[in-house]
Amino acid sequence: ELREALSRRSFLGGYSITVIDEADKMNVAAANALLKTLEEPKGKTILFLTTNDEERLPPTILSRCQKIYFQPVSVGQIAESLLSRGATAERAEEMARLCLGRVGQAIAWLESADEYAEYKKEILRFMQLSGKAFHEKLAAVEDLYGEKGEKSDHVAARERLRGVLNLWLVLLRDGLQSASAPRLLEIEQAVRQALDLMARNVHPRVLVEMI
């Protein structure tokens, strides 16, 4: 459908623009179907493929794209933006620090206190895993597999776990400048591997236990 839409001219003769969010979730068939359009777009056509991890895009897709990296926004700028939207000084400072340069995330938190509380809970969970006995770690992550009665491979539980693992990646990257960088890099690789295996339907419990 996208290829057909992009083969037609814009009604007013302007640009045809498409945003493919989370492009790394495309399966092989979808990626292959997009190749010709990426290589030879018709007329005034621009496609944006967004991803948190370019390495998860097929090489054939990546080679046809111009890479644009978006750098984190400074804590001061984010805090100022949040203050202008009605946040208290204390809350603006905390959110600006915890969002790790992602101003859109910080603004979303202002609109959803529950989402912000969940995020802080996951940060605390991750920080407290280090140094515990294995059975204590398992108990700490038990609720990541879904609520009671939903222990089966539930789509919502998988998506939530995917979000938590991506948060862990962000936290790990933020600490890679520290003295413990080699150990953090090893954990980051384990989390990346878990995300890849999750896409192949490996059970979430196995993946988290592996990490």
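The values are calculated or read from the model by the stated rules, or taken from the named source; none is laboratory data. All figures in this text were calculated on a predicted structure; none of them were measured in a lab. No Cβ is skipped: glycine too gets one built from the backbone with ideal geometry, and neighbour counts run over all protein chains shown. Accessible surface is based on the protein model in full, side chains and every heavy atom, while ligands, DNA and RNA are left aside. Shrake-Rupley method; radii C 1.70, N 1.55, O 1.52, S 1.80 Å.
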**OP:** Return the label of the correct value of Cα extents along the principal axes in Å, as calculated from the structure shown, out of (i) 60, 45, 40; (ii) 51, 43, 35; (iii) 56, 46, 32.
**Re:** (i)
Subject >> Spatially close lysines, pair count over the stretch 47-200: Cα under 23 Å, gap of eight or more or interchain >> reply: 9
Subject >> Interchain or long-range residues, amide H under 5 Å from Ala199's placed H >> reply: none
Original post:
Taking amide hydrogens as modeled 1.01 Å from N in the peptide plane, which residues meet the under 5 Å criterion relative to Thr45, leaving out close sequence neighbours?
Top reply: Ser16
Original post:
Along the charge dipole of the stretch 1-76, Cβ charges K/R +1 and D/E -1, which of Ser63, Val28, Ser16 sits furthest on the positive end?
Top reply: Ser16
Subject >> Carbon + sulfur, % of accessible area of the stretch 18-57 - ligands and nucleic acids excluded, 1.4 Å >> reply: 50 percent
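Based on the alpha-carbon set only, what is the convex hull volume of the stretch 1-66 divided per residue, in Å³? Each step should come with its number before you reach the end.
Working: hull volume 5.6 nm³, N = 66.
So the per-residue hull volume is 85 Å³.
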